[in-house]
Structure formats: structure tokens, C-alpha cells
Amino acid sequence: MDQKSVQRNFKLVLEYDGTNYHGWQLQKDVPTVQGVLEEAIEGIIGKAARVHASGRTDAGVHALGQVVHFTAETDVPPEKLKRCLNEVLPEDIRVLSTEEMPLSFHSRYDASGKVYRYSILNCRIAGRYRARWVHVFSQNLDVARMQEAAGYLLGSHDFSSFGVNPGREVHDSTRTFKRLELRRQGHYIFVELEADGFLYKMVRSIVGTLIKVGVGKVDPEEIPAILASRDRCRAGATAPAHGLCLLAVKYPCESGEKSVAHDWGLLPQSCWHKTVNILFA
């Protein structure tokens, strides 16, 4: 007699190129990362499963460390699930790891922090390229000014001035930045941000504001006043989605809340299959 399957909770770490998707969240009649993943899981375990992510990435946003979970009654072991998913998923979505967790684990509500990176290609010839992983910006950016402005954002603040809220439920706009670093490497500028959480489009709004600082339209010393105003109109424009990548999600259960490897080079390409391993398309 077959042993009856029990309810199990699977944690998956994903990477994906968001170029061809209308974001993470399931939507009708358009491709989303959640929709493609749920369809693949159903094909393997033989039943529908709702997948929950640590957070919703917008259309065009990428991930190298998105964490998701789903519960299902299945006997499929984690390693086999990973192998089978990578056999059927499109080449711009990869499962990096699978792990069985307690039923109480939730990828979103248990997260203690996230790390994002925003990449900018900054040179006069940038306008010649259509990049899928970086925001091309031809006007010269003063990174020292941008770094000075970023310093005012560290710590805990009400980030209403940098949040876009299209009817979303936000009871508290206070977030705590643990790290906000900028570095120029050749023609590239990388902005890396680590906080306990982010408002909707908050990272891209901050980057858009730092760009205004970098071109001299906003002084670094104006950042505290922008924060205090709680007025989205005071901050800069929302930077394009395709320059943004979710690097990692952190959980208290992880030993010492491991830090992300500090590689300021271009986003790793070895992990992508041939359809997505070219920076410029």
C-alpha cells in the first residue's frame, strides 16, 4: 500500500531575467514569473500549488536571489523537484536551490531584509546601446555627490517621499537602511541597497533622486528635507525597471544573516543560459 503523502513546505531560491515578464505577480493573459513557475510545479507534482514570493518584482526587474515557497501534498524530494523544474522552465528562469522547511515558514513574512543592486551604464556613447540589465545614462554623474546624498538615507526614516502607493496597504512607511553604497567601475555605476524592507518602487525612486544629485539638479544637503516632506513630488523620477536586480533575501534563521558576496563587477553571467548571457541585446 502506498504511503499517504503529507503536506510539505518547499523553499526555492530563484534567479530570473525579468525582460520577458510582466513582473512576478500572476496576471491574466500576460506572462509572469509566478505564472510560469506555478505551471511548471503543477506539471511535476500533478496538482496546482500557489507560490508565494518574498516580494513582488515589477515588470522588467531581475533577480539573482528571489526566495519563494509553496506547500503541497507530494512525495517528490527537494533535489528532484529542482532538477525537474530546471528541465521544464524557460531558460530565463532558474531554480538555484530547493529546501524543505517547516510548515510555519513564509518567504515574505519571515524575511528580515533584502539586498538590491541598481546598475547604470554612464558614458557619452551610452545612448547607442539598448541594455537589458543596466540603465543607460549619457550625462556625466558625480558619484562623490551621490555618495554624500546616500549617507543621509542610512538608518530609520519615513520613506513616504520615495514610495509609490497605487492603493496598496501600507500601515507604516518607516524602513531601516543598513547599507547604501555606490561605486563607479569603468563606465558602470553600481548602487547597492540593503534594508529591512522597501516600499513599492522605493529603490528606483531613490536611484532617480541620486541621479538628480549626480547631475547637479539637487544638492546632497537637500535629502533630509525631502525625507521630512513625505511628499513623493519632492524626490526624483522613478528610475527604469531594467536596471534593478534583487540580489538576496535574508532570514533570521540563517547563521549570522550571511552577507552577500561583495562583487562590484557586472552581474554574473555564468549562471545564465545562452538566451540571457549577453548584457546587450
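Where a number appears in this text, it was derived from the coordinates with a stated rule and is not lab data. The shown structure was predicted, so the numbers you read here are calculated from the model rather than taken from an experiment. All Cβ positions, even for glycine, are placed from backbone atoms using ideal geometry, and neighbour counts span all protein chains on display.
Just a few scattered comments:
- Between the C-alpha center of segment 76-151 and that of segment 163-214 there is a gap of 14 Å.
- Which listed pairs, of K11/K178; K47/K178; K114/K212; K28/K82; K28/K114; K178/K217, have C-alpha distances above 31 Å, in listed order: K47/K178
- About the centre of its Cα atoms, segment 7-101 shows a dipole size close to 220 debye [charges on the beta carbon of Lys, Arg (+1) and Asp, Glu (-1) only; nearest 20 debye].
- Estimated distance in nm for a label pair at N140 and R183, the labels positioned 7 Å out from Cα along Cα-to-Cβ: 2.4
- Label sites at A225 and K80, each approximated as a point 7 angstrom past Cα along Cα to Cβ, lie 6.5 nm apart.
- Relative contact order for segment 7-101: 44 percent, from Cα pairs under 8 Å spaced at least 6 residues apart, divided by residue count.
- Segment 1-62: relative contact order in percent, alpha carbon pairs under 8 Å with at least 6 residues between: 37
- Peptides 98-108, 151-161 ranked from most to least packed give 151-161, 98-108, packing being the mean of other C-beta atoms within 10 angstrom over each peptide's residues.
- Using θ = phi - 60° and Karplus 6.51 cos²θ - 1.76 cosθ + 1.60, couplings along segment 13-26 (whole Hz; Gly, Pro as x): 10, 10, 10, 7, 8, x, 4, 9, 10, 8, x, 6, 5, 4
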